[in-house]
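S.K.: Can you read through this structure? Questions will come right after.
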Amino acid sequence: MTTLLRRIGGFSVRSCRSFSGCAPEQTATWVRSTFVEFFRQKYEHLLVPSSPVRPRLDPSLLFVNAGMNQFKPILLGTVDPRSKMASYRRVVNSQKCVRAGGKHNDLEDVGRDVYHHTFFEMLGNWSFGDYFKEEACSMAWSLLTEHYGIPASRLYVSYFAGDAASGLPADEETRHVWLDIGVPPSRLLAFGLKDNFWEMGDSGPCGPCTEIHYDHVGGRDAAALVNANDPDLVEIWNLVFMQYNREVNGSLCLLPQFSVDTGMGLERLVRVLQGKRSNYDTDLFTPLLHAIQQRSKVGPYRGSMGTADAGRVDMAYRVVADHIRTLTVCIADGVYPGMSGAELVLRRILRRAVRFCNEVLQTPPGTLASLVPTVCHILGNVYPELHQESNTIINIINENELHFLSSLQQGSRVIHRTLSKKDYKHGVFPAAVAWSLHRDLGFPLDLVDLMLEERGVRVDHQELNILITENNKVRGRLQSCDESKLTLDVATLAELQRLRVPHTDDSLKYQYHLEGDTYVFPQCHATVLALYDGQTLVAEVPEGRRCSVILDQTCFYTEQGGQSHDHGYFTKNELPDMPYTVETVIQVGGYVVHQVTATDHLKTGDQVQLHLDKIHRLACMVKHTGTHILNFALRNVLGPTVQQRGSHVSADRLRFDFSVMASLSVCELQRVDKQVSDIISANHSIYSQEIPLRMARNIQGLRTVDEVYPDPVRVVSVAVPVSDLLVGQPDRQTSVELCCGTHLLQTGAIRDLLIISEQQIVRGMSRIIAVTGQEAIRAREAGQLLLQEVDSLAARLTSSASSSLNAAQHLAEQVGVVSDAVDNTAIPQWQRRELQSRLRTLQRSANTAVRKLEIREAATSAQSLLEKNGSKDLQVDSVNTDSLSILMKTVNHLSTAAPHSHVMLLAHQKHSGKVLCACQVPKSSTFLSASDWATAVCGHLGGSAGGSVLVAKGTGSSSDISEAVKWAEEFALAKIKPSQGRDNDKIT
């Protein structure tokens, strides 16, 4: 380990020259590939491609935030033994990571310094039950000092000092490994739990870690700066030794299999090897900074920070460069800006970048999206999905930017309106309004603070924090499960393997057949092999205890692949009338776990018979096959860019999420509907076959989603046998997907499939809800009935041009009722869109007819009052109407005819005792405002009112309208007469 140049097999590595002060030769691409090839060629690690940044089946994470995320099933012992992942022993990769939410959140630090990022790449090597501390440390030191050529004099190493309170000893084994490698004792530093003990979460695998730190300055003793947040002495590599499991009760126990999990940030490593003091000065960022400068109206990037960064220009450069990388990677992986979870975080990132572009860098709209090709150029060779999705990424960013700029204007108006209100408390802005701006318009709270600061106002942050806390509590309740699943932990899985409990044979779930038109499902007799009570394996479970049951075989389908688990129960052979209801069925590490509450005592060795809920299973099969057909039809109609982004199949309906730039048109929905109907009517056979995964990938037109598939994998094909697909291209396109779900044997059993809802859940992603069978038929019938209602309304509206006001109002109300029915009834979505469009037109026509008749009636009433009262300065009277709208219009007519009159009209609704009130005063009236007048009168009548200085309205209650009119007139006279007297004195 002394030479700086080594050839490993066919792999040559150049020594690093950046430490001599010469221009660096190493590009980021070279640094990444050198890391991967070092472990692949010298130490026989398997290269596993980066997983998408959207976590696979892990609701605890918003984003993939570490290289180990995709390998959690191995560490937890839950990996499917048939999957390729189960065979992993030594692995290397570069993983796309996002740290912008949840436990690891660097968003607010981005731009303020030169090394935090929301998106970064994590280089890592893993050992799963293979090598351990000595080999891991030796490999790391060799790569850094020999192959990358980093001077050992610049490196410091930390290790775990132990923790007496936890009963954890110091990691002396690792300390001695480093001493044997040659690390001086003065550069080998011990730290406690916070810095050198790594945990996956509140429970699960964990262990001590050792970190390698790099001193950018060199030529000094910098040991005191390790783990002190010094920007010039940074951690570059963390080697975690997974040897413990943190139990739910907080205790630690040794894992049955020790593993190594390492992570090194590519951006920091490139910074070291290129001799830079900032990540943003490396070739991962400089092309982006140059592209931003070309579009901005400010000077070039200078790399300054803090007070030296005048106008935060350099901070803006860093923010935009970082955020566009994150946006590009996330959108390519199917995470789109939205309103909750990871989508909400991404929306914040996009809007933060837009703000800095707009306010600081002074770039034109569209700048952010114009940077996408530069990101693709930098990262696209190693992550080809960036090139494939570039147009989608650009469109989504542009649409969201336009929407946000519109929201900025709207938010400014809300702030201005709030500050101008009479009840506004000067100096303190209402927290509820600030929270609404953030939650509903996507306003960053720091932007609200900034806009208010310019006006000398601040938010009530104490109240705001209460609102945020309440919101987080609600979200937490929604995300948490009311009843915890008794999932087997890593120690229990290891114990099952030690006891040689065989994996569950669940092949019976696929062994059903047709007899005529009836599906026949196999009987299943099984033996209880193991029982788990939530803490440990037990030999027996008493009556009433909830537990997990592992059988030698099962016919139940586990919850996976987007399909709900089977329902049913089992009975013990000696108690055939005592059902044990199966609440949940999950698969963990090759074991099918049936969760039940014991109706009677249950023990290992019991013989049981499983009873499948056949109706529920068949309903799921219908929906799952329907989902495949729907996916196929969508791609046929919308094109191959449509990508499945998620689905869920249950007995009552199916949900399907897919990427598309806009909601489907009526025509597109009709075409999808027809294609699906044609496939169902043709009653095609459904074929399924397990084949090696490598063979399946060669099938033309194969649909896949982002999942880890077992090997062999199950292929499901409509109309064409899988064997035919393997030997060449079929004559026609067909639906063919990798799928572990249960499916029909013929499409005709679906009977009908109907899209009853389709809408964009975030920009660029739509969600379809569909029903099948009798529900679909009923939905079509409901659509026809509503169509008839709309046709009838249209005919009546055409023939009622000269009808009475009551008839016109009734017709307008009926349009509203039918509109609600169209919005909320399960009907074909294409028909819903058509009817909604027609009803909007009918509603406008009906409202116009009502308005014209109201104006006519109000004019007639006003004329009668003018003939009765003339144009005197004060007109208070009653009219006969049940409509506040007509009352207001009558007042307006009178005020127009007598512009100097103070007018108030009351209308008594005898059946209810309610009094309607409307008034208007001249613009010149300084002593009587309309709002004060209406408030006083309605208050006298036990009601309330509101309005402006000139016009107001309200309601009250009275049995004597004459008394109310008299009181209203006297109130006005008391205000008007003194003012007239003062005016006369002035004239005299």
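S.K.: Please work out if L753 is buried (at least 19 other Cβ atoms within 10 Å of the Cβ), under 29 Å from the mean Cα position of the chain (by Cα) and not charged (D, E, K, R).
M.R.: Answer is yes for this residue.
S.K.: In addition: Collect the residues in the stretch 545-558 that are assigned to a loop (DSSP other than H, G, I, E, B), open to solvent by 10 Å² or more (accessible area, probe 1.4 Å) and of a type outside the set (D, E), keeping them in residue-number order.
M.R.: Of everything in the stretch 545-558, just one residue is assigned to a loop (DSSP other than H, G, I, E, B), open to solvent by 10 Å² or more (accessible area, probe 1.4 Å) and of a type outside the set (D, E), namely R545.
S.K.: Would you confirm, using the coordinates I've provided, whether S819 is surrounded by 15 or more Cβ atoms within 10 Å (Cβ to Cβ), closer than 24 Å to S665 by Cβ, of a type in the set (S, T, Y) and not assigned by the TED database to the domain that holds V676?
M.R.: yes
S.K.: Scan the stretch 122-136 residue by residue and report those that are hydrophobic (A, V, I, L, M, F, W, C) and either surrounded by fewer than 22 Cβ atoms within 10 Å (Cβ to Cβ) or within 33 Å of the chain's Cα centre (by Cα) (or both).
M.R.: Passing the criteria: M122, L123, W126, F128, F132.
S.K.: A follow-up question, please. Of the residues in the stretch 484-526, how many are among the polar types (S, T, N, Q) and under 18 Å from G129 (Cβ atoms)?
M.R.: So the answer is 2.
S.K.: Within the group G204, G219, which residue is over 42 Å from the mean Cα position of the chain (by Cα), of a type outside the set (S, T, N, Q) and at pLDDT below 95?
M.R.: Just one listed residue meets the conditions, G219.
S.K.: Restricting attention to the stretch 433-456, and to residues there that are in contact with a Leu (Cβ under 7 Å, 6 or more places away or on another chain) and at pLDDT 80 or above, which single residue is nearest to A369 (Cα to Cα)?
M.R.: V448
S.K.: Shifting gears a bit: Any idea how many residues of the stretch 559-608 are more than 28 Å from T78 (Cβ to Cβ), open to solvent by less than 50 Å² (accessible area, probe 1.4 Å) and assigned to a strand (DSSP E or B)?
M.R.: 2
S.K.: Going by the structure shown, is E173 under 21 Å from G129 (Cβ atoms), of a type outside the set (S, T, N, Q), modelled with pLDDT of 90 or more and open to solvent by 20 Å² or more (accessible area, probe 1.4 Å)? Quick ask: steps written out before the conclusion?
M.R.: Details: under 21 Å from G129 (Cβ atoms): yes; of a type outside the set (S, T, N, Q): yes; modelled with pLDDT of 90 or more: yes; open to solvent by 20 Å² or more (accessible area, probe 1.4 Å): yes.
So E173 passes the test.
S.K.: Give A165, A152, A100, A86 a once-over and let me know the one that is within 30 Å of F356 (Cα to Cα), out of contact with any strand residue (DSSP E or B) (no Cβ under 6 Å at 6 or more places or on another chain) and assigned by the TED database to the domain that holds K42.
M.R.: Details: A165 fails: within 30 Å of F356 (Cα to Cα); A152 fails: within 30 Å of F356 (Cα to Cα); A86 fails: within 30 Å of F356 (Cα to Cα).
Exactly one of A165, A152, A100, A86 is within 30 Å of F356 (Cα to Cα), out of contact with any strand residue (DSSP E or B) (no Cβ under 6 Å at 6 or more places or on another chain) and assigned by the TED database to the domain that holds K42, namely A100.
S.K.: Would you check if there is a residue in the stretch 673-685 being surrounded by fewer than 18 Cβ atoms within 10 Å (Cβ to Cβ), hydrophobic (A, V, I, L, M, F, W, C) and either modelled with pLDDT under 95 or not assigned by the TED database to the domain that holds T742 (or both)?
M.R.: No, the conditions are met nowhere in the stretch 673-685.
S.K.: Follow-up question, since we're still on this one. Which of the residues spanning the stretch 235-250 are open to solvent by 10 Å² or more (accessible area, probe 1.4 Å) and part of a strand (DSSP E or B)?
M.R.: E235, N238, Q243, Y244, R246, listed by residue number.
S.K.: Looking at V36, V48, V92, can you tell me which residue is open to solvent by less than 20 Å² (accessible area, probe 1.4 Å) and in contact with a His (Cβ under 6 Å, 6 or more places away or on another chain)?
M.R.: Just one listed residue meets the conditions, V92.
S.K.: Right, another one. Restricting to the stretch 137-170, and then to whatever is among the small types (G, A, S) and closer than 25 Å to E37 by Cα, can you tell me which residue is surrounded by the fewest Cβ atoms within 10 Å (Cβ to Cβ)?
M.R.: Ranking the qualifying residues of the stretch 137-170, first place goes to A152.
S.K.: Looking for whichever is in a loop (DSSP other than H, G, I, E, B), β-branched (V, I, T) and farther than 18 Å from E867 by Cβ here; the options are T926, T935. Which one fits?
M.R.: Criteria check complete, one pass: T926.
S.K.: Further, regarding this structure: Take A224 and tell me if it is of a type in the set (A, V, I, L, M), out of contact with any helix residue (DSSP H, G or I) (no Cβ under 7 Å at 6 or more places or on another chain) and farther than 25 Å from M139 by Cα. Before the answer, list the steps.
M.R.: Values: of a type in the set (A, V, I, L, M): yes; out of contact with any helix residue (DSSP H, G or I) (no Cβ under 7 Å at 6 or more places or on another chain): yes; farther than 25 Å from M139 by Cα: yes.
Yes.
S.K.: Also, quick follow-up: Out of T554, T571, T604, which single residue is in contact (Cβ under 8 Å) with a residue 24 or more places away in the chain, under 30 Å from Y709 (Cα atoms) and out of contact with any Gly (no Cβ under 8 Å at 6 or more places or on another chain)?
M.R.: Result: T554 is the single residue among T554, T571, T604 that is in contact (Cβ under 8 Å) with a residue 24 or more places away in the chain, under 30 Å from Y709 (Cα atoms) and out of contact with any Gly (no Cβ under 8 Å at 6 or more places or on another chain).
For (1) open to solvent by less than 50 Å² (accessible area, probe 1.4 Å); (2) in contact with a Pro (Cβ under 8 Å, 6 or more places away or on another chain); (3) under 21 Å from V762 (Cα atoms); (4) assigned by the TED database to the domain that holds P231, each residue gets a yes or a no:
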| position | (1), (2), (3), (4) |
| --- | --- |
| R295 | no, yes, no, no |
| T307 | no, no, no, no |
| V329 | yes, no, yes, no |
| D333 | yes, yes, yes, no |
| G341 | yes, no, yes, no |
| A353 | yes, no, yes, no |
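S.K.: Across the stretch 57-103, what is the number of residues that are among the hydroxyl-bearing types (S, T, Y) and within 16 Å of V329 (Cα to Cα)?
M.R.: 1
S.K.: Have a look at H403, H387, H416, H377 and point out the one that is in the same structural domain as P337 (by the TED database), in contact with a helix residue (DSSP H, G or I) (Cβ under 6 Å, 6 or more places away or on another chain), closer than 30 Å to K297 by Cα and open to solvent by 30 Å² or more (accessible area, probe 1.4 Å).
M.R.: Exactly one residue qualifies, and that residue is H387.
S.K.: Give V313, V272 a once-over and let me know the one that is within 27 Å of Q409 (Cβ to Cβ), in contact (Cβ under 8 Å) with a residue 12 or more places away in the chain and among the aliphatic types (A, V, I, L, M). Before you say what the answer is, go through the steps one by one.
M.R.: Values: V272 fails: within 27 Å of Q409 (Cβ to Cβ).
Checking each option against the conditions leaves just V313.
S.K.: If you take the residues in the stretch 1-55 that are assigned to a helix (DSSP H, G or I) and more than 43 Å from the chain's Cα centre (by Cα), which one is modelled with the highest pLDDT?
M.R.: This residue is F19.
S.K.: Within the stretch 511-544, count every residue that is open to solvent by 50 Å² or more (accessible area, probe 1.4 Å) and of a type outside the set (A, V, I, L, M, F, W, C).
M.R.: 14
Every residue, every condition in (1) under 22 Å from D449 (Cα atoms); (2) in contact with a strand residue (DSSP E or B) (Cβ under 6 Å, 6 or more places away or on another chain); (3) at pLDDT below 90; (4) not aromatic (F, W, Y), yes or no:
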position: S340; (1), (2), (3), (4): no, no, yes, yes
position: L344; (1), (2), (3), (4): yes, no, yes, yes
position: A353; (1), (2), (3), (4): yes, no, no, yes
position: C357; (1), (2), (3), (4): yes, no, no, yes
position: Q362; (1), (2), (3), (4): yes, no, no, yes
position: T367; (1), (2), (3), (4): no, no, no, yes
position: N395; (1), (2), (3), (4): no, no, no, yes
position: Q409; (1), (2), (3), (4): yes, no, yes, yes
position: V414; (1), (2), (3), (4): yes, no, yes, yes
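S.K.: Among all residue pairs at least 6 apart or on different chains, which show Cβ distances below 8 Å where the first residue, located in the stretch 930-959, is closer than 16 Å to S912 by Cα and the second is surrounded by fewer than 19 Cβ atoms within 10 Å (Cβ to Cβ) and hydrophobic (A, V, I, L, M, F, W, C)?
M.R.: T955/L884
Residues checked against (1) buried (at least 21 other Cβ atoms within 10 Å of the Cβ); (2) at pLDDT 95 or above:
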{"residue": "A858", "(1), (2)": "yes, no"}
{"residue": "K868", "(1), (2)": "no, no"}
{"residue": "L905", "(1), (2)": "yes, yes"}
{"residue": "K910", "(1), (2)": "no, no"}
{"residue": "G913", "(1), (2)": "no, no"}
{"residue": "W933", "(1), (2)": "yes, yes"}
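The values are calculated or read from the model by the stated rules, or taken from the named source; none is laboratory data. Since the structure is predicted, the reported quantities are computational estimates derived from the model, not experimental observations. As a convention, Cβ positions derive from the backbone with ideal geometry for all residues, glycine included, and neighbour counts pool all protein chains shown. The protein model used for the area step is the full one, side chains on, heavy atoms only, and it has no ligands, DNA or RNA in it. Shrake-Rupley method; radii C 1.70, N 1.55, O 1.52, S 1.80 Å.
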